[in-house]
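A.B. asks: One structure coming up, written as C-alpha cells, with questions to follow.
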Amino acid sequence: MGTLQLNLTIPHDLVADFVLRWSGRPADDRLWTHKCEIGGVGTPWPSLMQYAVATLASTGQAPTGPLAMNLQELIVTHLVTDWVRSAGISLASDAPRCGPGYVRRAAAYIDTHAQSLPTVAEVARAAGVSVRTLSGGFREYLDTTPREMLRDRRLEGIRRELLTNPSATVVSVAGAWGYVNMGVFAAAYRRRFRENPSDTLRRGAE
C-alpha cells in the first residue's frame with residue numbers, strides 16, 4: 001500500500017501575522033527560536049491532513065477564495081497552537097486588542113525590513129497612514145511604539161544569528177543589523193534578554 005506525502009511550506013510572515021491577529025501582539029521571539037515536532041498518533045494532524053488532501057482532490061486544483069482561506073486558517077491555527085504549547089509561551093487572552101489593518105501592515109513591514117533600519121516615516125508610508133496615526137495606533141493596540149518594535153526586531157534578529165550561526169562574531173552580527181556602537185548595543189541587548197550577547201553566542205556554539 002502506498003504512502004501519501006504532503007509537503008507544506010508556510011511562510012514566516014503568514015504565521016507572524018496570524019499570531020498578531022490572534023493575540024493582539026507580535027509573537028514572542030522564543031517562538032521563532034524554538035524547534036518542535038508536531039503530529040503523531042493521538043494528535044489532530046493526521047485527520048487534518050486527510051481533510052486537506054480530500055479538499056484538494058475534490059476541487060481538482062488548488063483551492064481559491066473562501067475555501068482556501070479557511071483551509072489555510074485551520075492549518076495555521078493547529079500549527080501555532082502546538083508551537084506555542086511546545087515553546088511554553090502564553091498568548092494570553094488579556095493581551096492588547098488586535099490593531100486595525102494599518103497596525104498589522106506596519107508590524108509586518110518592520111518584521112520584514114528591520115535589518116535595513118527603516119525610519120518611522122517609511123514604516124508609516126508603507127502602512128498608508130501618517131506618523132502620528134501610526135504612533136497612536138501602536139500605543140493603543142500594541143502598547144509600544146514603532147521605534148521600540150524596530151529596536152526589538154533588530155535585537156531578536158541578532159539573537160537568532162548568534163544562536164544559529166557558529167561562525168558568527170558579536171561585532172559582525174551587530175554591525176550587519178546596524179549597530180556601530182558596541183557599548184550601546186550590548187546594553188540594549190542585556191536589557192532585552194538579560195544576558196550578554198557573548199553568552200548567547202557561546203550557547204549557540206554548544
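The values are calculated or read from the model by the stated rules, or taken from the named source; none is laboratory data. Quick caveat, the model's predicted, so the values are computed rather than measured. All Cβ positions, glycine included, derive from the backbone under ideal geometry; neighbour counts span all protein chains shown.
A.B. asks: Would you please list the contacts, defined by Cβ atoms under 7 Å and residues six or more apart or on different chains, that run from a residue in the stretch 70-93 that is modelled with pLDDT under 75 to a residue that is crowded, with 17+ Cβ neighbours inside 10 Å and of a type in the set (Ser, Thr, Tyr)?
C.D. replies: Pairs that qualify, where the first residue is modelled with pLDDT under 75 and the partner is crowded, with 17+ Cβ neighbours inside 10 Å and of a type in the set (Ser, Thr, Tyr), are Leu91/Ser23.
A.B. asks: Quickly run through the stretch 31-58 and pick out the residues that are free of Cβ contacts under 8 Å to residues at least 40 places away in the same chain, among the β-branched types (Val, Ile, Thr) and outside any helix (DSSP H, G or I).
C.D. replies: Val41, Thr43
A.B. asks: Also: Which members of the stretch 137-170 meet the condition of being farther than 21 Å from Trp32 by Cβ, loosely packed, with under 14 Cβ neighbours inside 10 Å and either in contact with a Cys (Cβ under 9 Å, 6 or more places away or on another chain) or not charged (D, E, K, R) (or both)?
C.D. replies: Across the stretch 137-170, the qualifying residue is only Thr169.
Conditions (1) more than 19 Å from the chain's Cα centre (by Cα); (2) among the hydrophobic types (A, V, I, L, M, F, W, C); (3) at pLDDT 90 or above, marked per residue:
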residue: Glu122; (1), (2), (3): yes, no, yes
residue: Gly128; (1), (2), (3): yes, no, yes
residue: Glu140; (1), (2), (3): yes, no, no
residue: Glu161; (1), (2), (3): no, no, yes
residue: Val180; (1), (2), (3): yes, yes, no
